[in-house]
Structures are given as C-alpha cells and as structure tokens.
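The block underneath contains the structure these notes are about, expressed in structure tokens.
We did not get these values from a lab; they are worked out from the coordinates using the rules stated. Please read these numbers as outputs of a predicted model, since none were measured by experiment. Using ideal geometry, Cβ is built from the backbone for each residue, glycine included, and neighbour counts are taken over all protein chains shown.
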C-alpha cells in the first residue's frame, strides 16, 4: 500500500491554515475535471484550486461529492471572474452552487483588471461574504504591488493570500516581497512554468543528485521558501510525483542555484494590462 505523504500547512494572517501543496485544475477541460479531481483525491491531495473562469467548478464539486471525504478534511479555493467584479456576491453564490458547497475555504479576486477599476468594490463584497460564512478566508490573485497598496489603503481587511505566477524563470521578486511584507501568503500558479523550467541543466542536475524528478525539485524549491503551490496534471502518476515533492529537501546552495535562474519572462498574462472579462 502506497504511503500518502504528509503535506505541511502554511498559517495565514487570519489565523487559519492552508495545505502548502494542492491540486490545480486550470486548463482541465470540464468533461475531464471530475475524473482528474477524483484521482487527485485518491492520490492524497486535500487542497483543490478552481475558478469560475475555468468553467469546471461543477466537475470539482461532483468529485468532492463522490469522494466521501469529510468536508472539514478538504481545502477548496475558487475565484471571482473579472467580468463579475460588480456583482461579486452573486457570482460567489453561483460558484458555491456549482461546487455544491455552502462555503469555500478561500475565495479570491482572480485579477485586478485595473481598467475596470472595480476590485476595491469587489473586495468589500468579499469581506461581507466572509462575515456571512461563505468563505473561511479571502484573498487576491495576480495583484501587483500597486494593486496591493491601493487595496490595503482602502480596507482594514488584509488579504490572506496573493496567488501569482511564480516559477524559477519568473520569480516576481518585487511582488513577492510586497506581498510577504504585508503579511500575505504567496501562492504560486504555473509553479513549474507550465513545464518549460524542467529541462534547465541546474534543475535536472539537482534532480539527479536527489534521485528525484525535475518537477519534484522545482516544487521543493517553492516549498522551502514557504510558498504555497498548486501544480496541475491529468495523469495519476504525475499527481503522485508532484505530491511526493514534500519529501525532497534541498540544500541552501541548491535553493540558491535555482533562484539564480530568474529571466523575468512570464508564461501568463501581465496583471498590469490584463482586462479580459473571462465570461
């Protein structure tokens, strides 16, 4: 019988905690989502990350219902669509209905979408929704330092999490620094650069030294820095491989080598200009 690894947790600024390694469903087709999430839960994941914009919340919800796992053993995140920032409460309730849940553990504003100038309004609705028990924690995603500064100046409620693109060749050091300085946890999406960082010689050499895979090494690099990670895969073997990254311990020198790979090249959109509505 395979031993399921123990995933560490990160304590958030609101007193709650989050499993540091989770399972993301970005770009998982809706028709494949239930099966993928069921496999992830069987592999041992208890932290699931989805979003209204992914159009697969229903599949996540069906997998949760079919799993038989107690709700308090799961950590569920979903996110607010850009095009619904003016109706955040309604959008949130629609997500809960799609998931078949009465609350989520974390609800995020997906993008600041600065051209809309609605994220402060949306944040206040998230604050109220949390007070009403719809979310245990609330946070943001893709917020750059200027967006964080504006939000923190307008609200007494500090986001628990800022979910941003982070991987060895795109580390967003200034955004990470601003996020952590405010007491906000950093959560990395596209944590292996959608695969492009796995062929780097530094990563592959460290992987060989640890009898680990390149993906495990990159995820271990994130974990060592206190970053929350949500890798995605639709292959059971890779799901298990990623989860076992918690058993890889890198030296300070190896962490520094990987940190030296930053090229400041995104694989995703730039939050300063991204204003798609995702509807």
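Structure above, values below:
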read-out	value
Distance from region 178-250 to region 68-122 (C-alpha centre basis), Å	26 Å
GNM result for the chain, Cα springs below 10 Å: residue of 68, 183, 59 fluctuating most strongly	68
Percent RCO, i.e. relative contact order, over the chain, from Cα pairs under 8 Å lying at least 6 residues apart	21 percent
Taking 38, 149 and counting other C-beta atoms within 10 Å, the order from fewest to most	149, 38
Residue of 231, 191, 29 that the Gaussian network model of the chain assigns the largest fluctuation, springs spanning Cα pairs under 10 Å	29
Global geometry of region 179-279, whether rounded, prolate or oblate, following the gyration tensor of its Cα atoms and the 1.5 cut on a/c	prolate
Separation of the residue 42 and residue 121 label points, Cα + 7 Å toward Cβ, nm	4.6 nm
Efficiency of FRET between residue 251 and residue 70 - r from beta-carbon atoms, R0 30 angstrom, step 0.05	0.20
Residue 238-residue 173 FRET efficiency (beta carbon distance; Förster radius 35 Å; 0.05 resolution)	0.80
Stretch gain in nm, segment residue 181-residue 275, where the contour uses 0.36 nm per residue and the Cα spacing is subtracted	31.2 nm
Bridge type composition, region 159-230 - antiparallel percent by DSSP, nearest 5	10 percent
Within region 106-263, percent of DSSP bridges classed antiparallel, to nearest 5	5 percent
Mean residue ellipticity (222 nm) of the chain, computed from DSSP H runs ≥ 4 via -39,500 (n - 2.57), nearest 500	-11500 deg cm²/dmol
The chain: antiparallel DSSP beta bridges as a percent of all, rounded to 5	15 percent
Ascending count of other beta-carbon atoms within 10 Å, so fewest first, for 265, 84, 187	265, 84, 187
